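The values are calculated or read from the model by the stated rules, or taken from the named source; none is laboratory data. In this text, all values refer to a predicted model and were calculated from it rather than measured experimentally. Protein only, heavy atoms only, side chains kept; ligands, DNA and RNA dropped before computing areas. Shrake-Rupley method; radii C 1.70, N 1.55, O 1.52, S 1.80 Å.
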Amino acid sequence: EWSDNAALIARDYFTADYGLKAASTAVNDTAFIAAAATCAESGTITGGTESRYTVNGSFSTESSPKEVITTIHTHMAGFPSYAQGQWSSVVGAWAAPTKTLTADDLRGPLSVSPRVSRSANFNGVIGLWRSEASKWQPTSYPALVGAGFVAEDNGVENLADLNLLMADSPARCQRIAKIALYRNRQQMVVSASFGLNAMDVAIGEVINLTYERWGWTAKTFECVSWVLSIGEDGEPLIEMTLREISEAVFDWDSNVDEADFSADDTALPDAFIASVPTIALSSEL
């Protein structure tokens, strides 16, 4: 039957003749059922409620499969995943971590990139959307600018373009834009080799990482890359790239202090603030 559920549309495109023509065994239906339920979740907006993610628009066969798949997943604030011979969709919603990795799971040093490049950084989002109200003509949805993020960037406003021409609600556009903005401000990326305890970590899964030396206690990261390799001693290794993430990124209505995104980097003391010494002066004759 007809549906505008973003996850169901993604699955349809993966298997349709006009899409990737993947066999039914090449899609992870368990993952798609969960993704569809997330997309269908209802939230409150001004004047009523709406589903979390829908796709309301059209595309032509002139568009490449990559363009269509990217567009569909942009409208669910997520990305496609291909693992173990099956397609699935990662939806932009918080899922509490059930897996914890520690220093005992490491099989090599941690490589950390604390910030994205200046060209990839932004502190606000603008873009176009369209609906029946605009007679299906592209129009700007309300811009989203993080004042706290602008202050962090030395007062220089840097806006990213995020067109959402298959979103028929300005509230949904702002929600997707907010996720894109908040996700971008979680900038720490970690790459490392782990033992077989990390074998069951899936792309898009959020895990806890504890590494006391750097002040991380159950710090949450999202798995964005996973590769199985063999070490020099023949031991299987899981090469993973993790990007920091937090529940606040996906809040439906977020009143989060934007400074919190930098404050959760580490629990180590501030290197630039020295505590006042407790030495007391005295004299004796």
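Here the ratio of the Cα radius of gyration of the chain to 2.2 N^0.38 Å is 1.18. Across 132, 247, 157, mean-square fluctuation computed from a Gaussian network of the chain (C-alpha pairs under 10 Å connected) peaks at 132. Our helix-only sum for the chain, with -39,500 (n - 2.57) per DSSP H run of n ≥ 4 divided by its residues, gives a mean residue ellipticity at 222 nm of -6000 deg cm²/dmol. Kindly provide the pair-distance distribution of the stretch 159-278 built from C-alpha pairs, with 5 Å bins from 0 and whole-percent values in order of increasing distance. With a bin width of 5 Å, the distribution comes to 2, 9, 15, 16, 16, 14, 11, 8, 5, 3, 1, 0, 0.
The Cα center of the stretch 140-206 and the Cα center of the stretch 42-119 differ in position by 10 Å. What percentage of the solvent-accessible surface of the stretch 168-240, computed with a 1.4 Å probe over protein heavy atoms, is contributed by carbon and sulfur atoms? Here it works out to 54 percent. Measuring with a 1.4 angstrom probe and ignoring ligands and nucleic acids, residue 228 comes out at about 90 Å² accessible. How large is log10 of I(q)/I(0) for the stretch 64-166 at q = 0.14, 0.19, 0.21 Å⁻¹ when the intensity is taken from the Debye formula with one equal scatterer per alpha-carbon? Results for the stretch 64-166 at q = 0.14, 0.19, 0.21 Å⁻¹ read -0.91, -1.20, -1.22. Of 48, 231, 146, which is the most mobile in a GNM of the chain whose springs link Cα atoms less than 10 angstrom apart? Per the Cα network of the chain with a 10 Å cutoff, 48 tops the list.
Surface analysis of the stretch 1-149 yields an accessible area of 56 Å² per residue, using protein heavy atoms and a 1.4 Å probe.
The stretch 1-140 gives an Rg/Rh value of 1.03, both radii derived from C-alpha positions and Rh following Kirkwood. Working note: Karplus 6.51/-1.76/1.60 with θ = phi - 60° gives the stretch 205-212 the couplings 6, 9, 10, 9, 10, 10, 9, 4 Hz, where Gly and Pro are set to x.
Largest first, the residues 249, 150 sort by 1.4 Å accessible area into 150, 249.
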